[in-house]
Amino acid sequence: MAAIIPATTAKPAAAAEVPTCCMSIPGSTTAVPGCTGLTIYNCGAGKSFNACTSCASGYTLSTQTGSTNCGAITYKTCTSNPIPKPICDAGQYRSGYTCVPCPGSGTSYSGATSITQCFIPSGEVFSDPSGKWRYAENCYYGN
C-alpha cells in the first residue's frame, strides 16, 4: 500500500520580504504592503476584487470601506503599525526615534523630548579665567 503524502501549503513570506496584494480599484491598481493572505471576491460579469485576510509582522488587519470593481464594499487591508517613540532616561533627550545624551555636563528629567529640556543643574560649579562660579538655578539649553 502506497503512503499518502499530504499536499503542502505555501508558507508565509519571511519578515524581510514584505509581500503585497493588489486591490482592484477602478482606474488603478494599488499595492497593499504587508498583505500575506488574500480573498478574491467574484462580483460577476468578469469583475473581481481582492482583499487581505492576514498581515505580516508590523502590520494590522483593518477594515475600510471604499469604491471597488464590485461597487461600494467594506473590505480588509493591512496598515503599518506606528513605530513607538522611546521614553528617554534622565540625562538624555529624544531626537527622532533615538535617545541622545544631553550635551556637556547637562542633564534632563526622564522623558525629555527635546534639547531644550536639558539643563545644567543648580549648584554645578564651573570656572573660567576670572574665577569659580556656581549655577544658582537650573540653566536650560536653547535651540
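Observations
- Criterion applied to 80, 95, 114, 108 was being touching a helix residue (DSSP H, G or I) at 6+ places or on another chain (Cβ under 7 Å), hydroxyl-bearing (Ser, Thr, Tyr) and at pLDDT 75 or above, and the one residue passing it is 108.
- Qualifying residue in region 79-100 (condition: in contact with a Leu (Cβ under 9 Å, 6 or more places away or on another chain) and either surrounded by 13 or more Cβ atoms within 10 Å (Cβ to Cβ) or over 30 Å from residue 38 (Cα atoms) (or both)): yes
- Residue in region 122-136 that is at pLDDT 80 or above, touching a helix residue (DSSP H, G or I) at 6+ places or on another chain (Cβ under 7 Å) and over 30 Å from residue 38 (Cβ atoms) present: no
- Test: residue in region 82-90 that is assigned to a strand (DSSP E or B) and either in contact (Cβ under 8 Å) with a residue 12 or more places away in the chain or among the aromatic types (Phe, Trp, Tyr) (or both): no
- Filter result for residue 65 (within 20 Å of the chain's Cα centre (by Cα), modelled with pLDDT of 70 or more and either surrounded by 14 or more Cβ atoms within 10 Å (Cβ to Cβ) or not hydrophobic (A, V, I, L, M, F, W, C) (or both)): no
- Only residues that are within 28 Å of the chain's Cα centre (by Cα) and surrounded by 11 or more Cβ atoms within 10 Å (Cβ to Cβ) were counted across region 104-143, and they come to 10.
The values are calculated or read from the model by the stated rules, or taken from the named source; none is laboratory data. All figures in this text were calculated on a predicted structure; none of them were measured in a lab. Positions of Cβ are backbone-derived with ideal geometry, glycine not excepted, and every protein chain shown enters the neighbour counts.
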